[in-house]
Structure formats: C-alpha cells, structure tokens
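Here the structure comes first, spelled out in structure tokens, and everything after it is commentary.
The values are calculated or read from the model by the stated rules, or taken from the named source; none is laboratory data. Note that the coordinates shown come from a computational prediction; the quantities given were computed from them, not determined experimentally. All Cβ positions, glycine included, derive from the backbone under ideal geometry; neighbour counts span all protein chains shown.
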Amino acid sequence: MKPRFGVRAARAGETDAVTALCRRLDGNDYAQAAWRGWVEKHPDFTLIAEVHGRIVGCVRAGVEAAGCAFAQALRVDPEFRRIGVATALMQELCSRLAKAGVSRMLGVTGADNMPARRLHPAIGMSEVLEIARRRHPAWGRLSGAAAPLDESAAAALARPEGLLVSLPGTAHFRRIYFRAQADWLRARSRDGQLVEVPGGGWALLDQPGAGGAWIAAFQSEASRVADLVDAAVPAGGPRPVTVEAPADASWQSQLSAIGFEAPGPADRYVILEAQLGRSIATPEASSRNAVD
C-alpha cells in the first residue's frame with residue numbers, strides 16, 4: 001500500500017529537518033543554507049510533503065518579477081519516490097502561485113540530468129532553452145563601443161511573453177531566470193546594462209563585479225559573437241568575461257574559435273517553464289533533483 005502524504009507550507013521550526021533531507025540527497029546542496037531565508041521571504045511558496053510527520057519532500061518558488069516566479073529545490077526522499085510526491089508538491093505550488101497572480105514559473109536543471117528531464121512533462125514544465133556557460137579568462141579587445149539601447153527598443157524586447165533573462169541568485173547554477181517585462185528592460189537601458197551593439201544586435205550585462213564582465217542575454221548573428229563581446233564589455237583592460245549562450249553548435253563553435261573555455265558538466269543546463277493553470281497529473285518517475 002502506498003503511504004499517504006500531505007503537502008503544506010513549511011514552518012520556520014522545520015528547517016533542520018528539511019536541510020537534513022537535502023543533505024542526504026547531496027551533501028553540497030545549496031538549499032541547505034538557503035532554506036531558512038526562503039521560508040522567511042516567501043512562506044506561502046515554500047512547501048514540504050510529509051508522511052506521518054516525517055518530511056519526505058520539499059520545493060520553493062520566489063516571485064522574481066511581476067507575474068513570474070522561479071521554482072527550485074524540488075527534492076524527494078528516495079524511499080518515497082514513485083508515489084506522486086513531486087507531482088503533489090508542484091500542483092500545490094502552481095495553485096498557490098496562480099492565486100497570487102503569477103502566470104509563469106521558470107526553473108533550471110542540469111543538461112546531463114536525464115532522469116529529471118524525463119520528469120518535467122509530468123510536473124507541467126517544458127524545456128525552452130539549453131544554455132552553455134562559457135568563460136574567457138582575459139578578454140582584451142576592449143573597445144567598449146556599445147551604447148544604451150533606446151528605451152522604446154528595450155521595451156519592445158518584452159513582447160509578447162517577456163525577455164528571458166537571468167540575474168545572480170541562490171541556485172545550483174547561481175542564476176535566477178525570469179521573463180523581463182517592458183519596465184524592467186527600460187530601467188536596464190537607463191542604467192547602461194542593456195546595450196546596443198554597432199552593426200546590429202544587443203546585449204544585457206550584469207552590474208560590474210569582481211568576477212569580470214557577465215553577458216546574461218544577447219542577440220546577434222552567431223558569426224558576429226566576437227564583435228558583440230568586444231563592443232559590449234566595458235573598456236578598461238583585459239578582464240574575465242562570462243557568456244550565457246545557446247548550446248547549439250553555431251554559437252558554441254564561434255565561442256571556441258575566439259578563445260572561450262569549453263563548458264564543464266556543471267556549465268550546461270536547461271531552462272524550464274510552465275504556464276500556470278495547466279493540469280499536472282502524472283506521478284513522477286525516480287529521479288535526481290528535478291528543479292535545481
């Protein structure tokens with residue numbers, strides 16, 4: 001007989017039990033350090049599953065922009081897989097987000113995590129893009145020729161579903177993804193983070209940091225990626241550059257040709273998305289962490 005379980009909002013006093021579950025699954029799980037803060041920040045969207053008082057699963061989501069949430073840390077105790085725990089957690093999470101006015105939910109998982117990728121349709125999430133994170137140790141062709149993208153052009157990038165972008169955040173891949181809307185993109189244009197590249201194209205940059213320049217989103221012809229990076233990275237001397245690029249061969253070959261380091265296994269991941277309101281009904285298969 002399958003054990004009966006319930007799903008509810010997590011409580012602050014249960015942090016130790018949740019982090020113990022995460023630690024059993026992966027001793028390096030970032031959720032161990034983040035869980036307490038998640039419960040405090042978004043208590044209605046930080047959920048656990050329990051069987052007779054024992055916590056056997058968890059998930060959380062943060063509302064990162066108007067109408068858009070980022071889900072992560074879907075974990076299920078191996079002893080309680082294949083009975084619908086992950087499905088029930090995601091159903092409840094989606095229901096709560098929809099009631100709060102959220103229409104889209106995003107997440108990420110490793111490109112090599114095939115058990116989790118097979119699970120995604122069952123929990124209502126579709127793969128929208130595979131990313132390869134590439135690094136250049138010291139980009140030196142620094143013209144800094146890009147200029148802030150016109151605000152009206154920046155806003156146009158949001159139509160109709162919003163521009164898929166990432167920002168630094170607490171996650172397995174250290175980035176939080178969401179759909180940026182017009183006001184957010186206008187603000188990035190005003191502060192110089194959303195720039196127009198001479199000859200056609202644009203790039204979205206992180207705020208300058210000690211880790212070098214980070215290009216979080218961009219558009220151009222793949223053959224022009226060197227010009228795009230050269231124009232977008234602020235001038236000032238050689239520095240590390242990180243690019244989040246589509247994993248298709250055209251982009252990857254161009255990045256290799258201009259000296260970007262090959263992505264490691266932890267640098268390839270898949271962005272997931274769910275439009276809330278659709279049903280989630282199929283019990284999950286056995287998997288590693290599904291939504292990282």
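Counting only residues that are among the aromatic types (Phe, Trp, Tyr) and touching a helix residue (DSSP H, G or I) at 6+ places or on another chain (Cβ under 7 Å), which one in the stretch 24-57 is farthest from residue 92 (Cα to Cα)? Among residues in the stretch 24-57 that are among the aromatic types (Phe, Trp, Tyr) and touching a helix residue (DSSP H, G or I) at 6+ places or on another chain (Cβ under 7 Å), the one farthest from residue 92 (Cα to Cα) is 35. Take the residues in the stretch 108-118 that are assigned to a helix (DSSP H, G or I) and either crowded, with 16+ Cβ neighbours inside 10 Å or over 20 Å from the mean Cα position of the chain (by Cα) (or both); name whichever of them is modelled with the lowest pLDDT. My answer is 116. Residue 73 meets each of the listed conditions (1) touching a Cys at 6+ places or on another chain (Cβ under 9 Å); (2) at pLDDT below 95 apart from (2).
Output the number of residues of the stretch 4-23 satisfying the condition of being out of contact with any helix residue (DSSP H, G or I) (no Cβ under 7 Å at 6 or more places or on another chain) and within 23 Å of residue 41 (Cα to Cα). Qualifying residue count for the region: 9.
Within the stretch 246-268, being at pLDDT 95 or above and hydroxyl-bearing (Ser, Thr, Tyr) holds for 253, 256.
Among the residues making up the stretch 233-260, a single one is among the β-branched types (Val, Ile, Thr), crowded, with 22+ Cβ neighbours inside 10 Å and not in a strand (DSSP E or B): 233. Taken over the stretch 10-49, the residue count meeting the criterion of being more than 23 Å from residue 100 (Cβ to Cβ) and charged (D, E, K, R) is 5. Of all residue pairs spaced 6 or more apart or on separate chains, those with beta-carbon atoms under 6 Å, a first member in the stretch 165-187 that is of a type in the set (Lys, Arg) and a second member that is assigned to a strand (DSSP E or B) and surrounded by 20 or more Cβ atoms within 10 Å (Cβ to Cβ) are 175/166; 179/68. If you filter the stretch 7-39 down to residues that are free of Cβ contacts under 8 Å to residues at least 24 places away in the same chain and of a type in the set (S, T, N, Q), you find that the one that is surrounded by the fewest Cβ atoms within 10 Å (Cβ to Cβ) is 28. Within the stretch 173-191, one or more residues are under 18 Å from residue 235 (Cβ atoms) and either buried (at least 19 other Cβ atoms within 10 Å of the Cβ) or outside the structural domain of residue 34 (by TED's automatic domain parsing) (or both).
Yes/no matrix, rows are residues, columns are (1) under 20 Å from the mean Cα position of the chain (by Cα); (2) closer than 14 Å to residue 46 by Cα; (3) of a type in the set (Asp, Glu); (4) surrounded by fewer than 21 Cβ atoms within 10 Å (Cβ to Cβ):
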| site | (1), (2), (3), (4) |
| --- | --- |
| 69 | yes, yes, no, no |
| 72 | yes, yes, no, no |
| 78 | no, no, no, yes |
| 85 | no, no, no, no |
| 93 | yes, yes, no, no |
| 98 | yes, no, no, yes |
| 106 | yes, no, no, no |
| 125 | yes, no, no, no |
